[in-house]
Structure formats: C-alpha cells, structure tokens
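Notes follow the structure.
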2 protein chains.
Amino acid sequence: MKKVDVARKILSANEAYAQKNRELLTRHGKRCFNMISSPGSGKTTLLVRTISDLAGAVRIGVIEGDIQTDIDAQRIRATSAPAVQINTDGACHLSAVQVHRALEELPLDNLDIVLIENVGNLVCPSAFELGEDGKIVVLSVAEGDDKPAKYPAIFAKSKVLLVSKVDLLSGGALIDFDLERVRTDARRLNKSIEIFPVSAKTGEGMTAWYDWLTGQFAGTRF
Amino acid sequence: MKKVDVARKILSANEAYAQKNRELLTRHGKRCFNMISSPGSGKTTLLVRTISDLAGAVRIGVIEGDIQTDIDAQRIRATSAPAVQINTDGACHLSAVQVHRALEELPLDNLDIVLIENVGNLVCPSAFELGEDGKIVVLSVAEGDDKPAKYPAIFAKSKVLLVSKVDLLSGGALIDFDLERVRTDARRLNKSIEIFPVSAKTGEGMTAWYDWLTGQFAGTRF
C-alpha cells in the first residue's frame, strides 16, 4: 500500500466520523466551529473572554485539543462553561472520532454553540474535517503579517479570521504588522472570509466578533 | 499494512537520509543546527540579525523550509548569505532527503555552519531527524509561558531554547510571560538545555547566543 493510499484511507475514515458529527449536531440543532492557529495565538484567552462576555446570552461548550495537559480545559471550566479535554498524545491535530466522543460527553441540549479549540498548529488541522459548520483561524499580530501567504490552506478554508492581540500594535511595542497586507492576502485566498481584529485583553473589536457568532445560531434555537 | 507500520517505514527512510547528511557534514567538517518553532516566533529575523552581526567572523549558510513562497530565503539572501529554499507543498516538516538536496546546493566549503529553518510548526518537525548536530527551539514571549508543558517533545529534544522577542516584555506591552516558569518546565524535560532570552530587534541577549554558536565550530575550521 502506497503512502498516498494510506493518507487517503485515514482521511476517508475521518470523514465518516465527521459526517456522524454533522448529523449529531443537526439533530440537536447546534452550531459548531473549529478554531485553528499556531501555538500561542491566544485561542484560549479569546474563548474565556467570549464565554464570560456572552454569559446569560449564549451558552457555549468547548472541546479542547492539546497534545498533553488539561491546562486549557481548566481555564475554560473556571468560567463555568462545560469543557471536554482531548489529549492527542503527540498527534498534531484533532480527528473527527475524538470530537465524536467529546460531543457525546457535552450537555448538548443545554448549549447554543460548540467551539472546538484544535491543537496549536497552523498546518495539519486544516486537512481534517471534524463535522464543524466552519473553521475559524486565529492569527496574532505577534506572528507577523506574512502568514496568509506562507500558510495558505487554513486561510483559504476558514469562514472567519480573528486577528488577535491587536493591543500589541499600540502602547509602544515594537511590532511590525500590516493589517492591510493580511486582509489583502487572506481575501486573495478566500473572497468571503470575515476578518475581525480583536484584543481579548482590552476588549477592542470583540463586539463585532460576538455579533458574528451570535448571528450563527440566532433563529436556530426555537 | 497498518498505519503504525507505514509511519515506521517513513521514519526509517528518513533516518537513512539523515545519516547521509551526517556523513556529508562530517566529511566537510561543518556543524548544522535545525531551528524549530511555531509560525511567527521570529526565526528568520533572528537568522538575519545573527548573520549580519557575525559577518566576517562566522560564515553561515541557511536552508529555508516553508510550505509555500520563498519570502524567507529572500530575506536571508539580502544579507549576502547563501540560502536554499525548500517548499514542502503542504507538508508540515522538512525531511532529511529534502535537506540532503539542499546541502548539495550550498557552497559547504565556504561556510562554517549551516542553519536549517524548519517549517513553522511546534509539533511535527520534532519527529524528523535531518542529520543535524542539534535542534534549536525558538519560543517567542508572545506565545505564552505554558508552551514547554503543552508541547514537550521539542523542548525535550533541543540543545538550545531561544526565548525570542523579549523586547515585548518591557515598554508597556500587555504580555504576561513568566521566564522562570519556562526555564523550570524546559529543564524538567531536558536538564542540559541551554536557554538564551533574546531580542533580534534590540539586540538584548544576542551576545550569549553568538558565544554559544561560535563555540560550536571553534577548533573545527583549521
């Protein structure tokens, strides 16, 4: 069996579970998004602030993917939101079967939306569908404005780009980051991508992101 | 053929080329290091400053690994150092055979040291030996101090940890980063890892890193 055949078989087994996840989420009428980024772009911090700011309005459940530790799930649970931790034990992305088991653990009927925080990796997770309604790529300004050009796959596939840590662009830090270059390069790959520059520290730009997220399930609840 | 057998075959084919690379480098009496980090930790900026500051004292050649584009090789060549770009076309790490071809393109006899900048990825490149004398992991302070705990493999395997962008810790930016936590967690995984906090922007800490790098080939040239 050739390497390429094995890769195809792995992706096809993954797709079968992704389809099960879609069916499960549809049956419960829930939306689900898959957050993907480099390590350290601030996904967990964004999630914590989003859950807290939307408390009482949107009920969010989280699936946390990490190679090791449950540091991130602990941070989510501190907000009182339900979080299921998946440890991949070295693997560089979540797979649909892992997400299937996690979805079965979440109290779906008490949630409006499920957010999956994938393993920190801008490359591998983009190839594995998890049954989500869309991917959300997070890029921190500290990572540089050349990332859509250098890592195009995830920008081409995402519904939303959250440009995080924009507070670092002011206040005297020495960050060179051209937001317009990112917009242009991301839209060249993906005309319909929604782009929200945000700071989970200062709250800058978070309202536009909340409006988008809330708009995803509005009308599906009742 | 099981997935695990295929993985073993891929790693074993890679190891054969890693051994060829070791032999080639030994024959020419050159040292080689494999730089690994998340996207946007500042590997290329560190390389550019290192090459410029050591110009006339250390002759550095670079192998640039990227999924797409030759943006990074262009930045290196602007310093007048030789750089060979490898595009992996989607793959999340460099392999030893790619590095073998690149080593054959570099003017090894006119160099003191070869630095490989791997694909931006804190997970996958750690599993693929390239024939290097050691791995150098780069972690920017913007990524957070929990990364050795969450991505242990690369910290366990590296000779050096460059903690980059330390200029962001001063000057009013809102970065929470506990260098002592990083030191403790990295040394728990790897007692002998050398840790250099550096800023390629301000030059802070770069001398200690240059001393280490220069010490790697001193005495091998003559």
Search region B:120-159 for residues being hydrophobic (A, V, I, L, M, F, W, C) and either touching a Cys at 6+ places or on another chain (Cβ under 7 Å) or farther than 24 Å from B:ASP178 by Cβ (or both), and hand back the single one that is surrounded by the most Cβ atoms within 10 Å (Cβ to Cβ). B:LEU130
Go through region A:119-165 and give me each residue that's within 9 Å of chain B (Cβ to nearest Cβ), farther than 23 Å from A:LEU24 by Cα and of a type in the set (Gly, Ala, Ser). A:GLY120, A:SER140, A:ALA142, A:GLY144, A:ALA149, A:ALA153
For region B:72-106, how many residues are among the polar types (S, T, N, Q), crowded, with 16+ Cβ neighbours inside 10 Å and in contact with a helix residue (DSSP H, G or I) (Cβ under 9 Å, 6 or more places away or on another chain)? 5
Just wondering, is there one or more residues in region A:177-198 that are within 18 Å of A:THR45 (Cα to Cα) and aromatic (Phe, Trp, Tyr)? yes
Taking region A:5-36 as the search range and keeping residues that are polar (S, T, N, Q) and closer than 16 Å to A:VAL62 by Cα, which one is farthest from the chain's Cα centre (by Cα)? A:ASN21
Condition met for A:THR69 (of a type outside the set (Lys, Arg), buried (at least 17 other Cβ atoms within 10 Å of the Cβ), without any contact (Cβ under 8 Å) to a residue 40 or more places away in the chain and within 14 Å of chain B (Cβ to nearest Cβ)): no
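Can you spot a residue in region B:81-89 that is without any contact (Cβ under 8 Å) to a residue 40 or more places away in the chain, within 14 Å of another protein chain (Cβ to nearest Cβ), among the aliphatic types (A, V, I, L, M) and under 28 Å from A:PRO39 (Cβ atoms)? Don't jump to the end; show me each part of the working.
Just the residues of region B:81-89 that are without any contact (Cβ under 8 Å) to a residue 40 or more places away in the chain, to begin with: B:81-89.
Those left that are additionally within 14 Å of another protein chain (Cβ to nearest Cβ): B:85-89.
Those still in the list that are among the aliphatic types (A, V, I, L, M) too: B:86.
Checking which are under 28 Å from A:PRO39 (Cβ atoms) leaves us with B:86.
Yes, some residue in region B:81-89 is without any contact (Cβ under 8 Å) to a residue 40 or more places away in the chain, within 14 Å of another protein chain (Cβ to nearest Cβ), among the aliphatic types (A, V, I, L, M) and under 28 Å from A:PRO39 (Cβ atoms).
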Search region B:47-66 for residues being of a type outside the set (A, V, I, L, M, F, W, C) and farther than 19 Å from B:ALA208 by Cα, and hand back the single one that is farthest from the other protein chains (Cβ to nearest Cβ). B:GLY61
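Residue under question is A:LEU189, and the condition is that it be surrounded by fewer than 23 Cβ atoms within 10 Å (Cβ to Cβ), within 12 Å of another protein chain (Cβ to nearest Cβ) and modelled with pLDDT under 95; does it hold? Break it down into steps so the answer makes sense when it comes.
Values: surrounded by fewer than 23 Cβ atoms within 10 Å (Cβ to Cβ): yes; within 12 Å of another protein chain (Cβ to nearest Cβ): yes; modelled with pLDDT under 95: no.
Judged against the criteria, A:LEU189 is not a match.
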Are any residues in region A:15-46 of a type outside the set (Lys, Arg), crowded, with 22+ Cβ neighbours inside 10 Å and within 14 Å of chain B (Cβ to nearest Cβ), and if so, which ones? A:ILE36, A:SER37, A:SER38, A:PRO39, A:GLY40, A:SER41, A:GLY42, A:THR44, A:LEU46
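The values are calculated or read from the model by the stated rules, or taken from the named source; none is laboratory data. In this text the structure is predicted, and so the values were computed from the model without any measurement. Cβ sites come from the backbone with ideal geometry, for glycine too, and all protein chains shown count toward neighbours.
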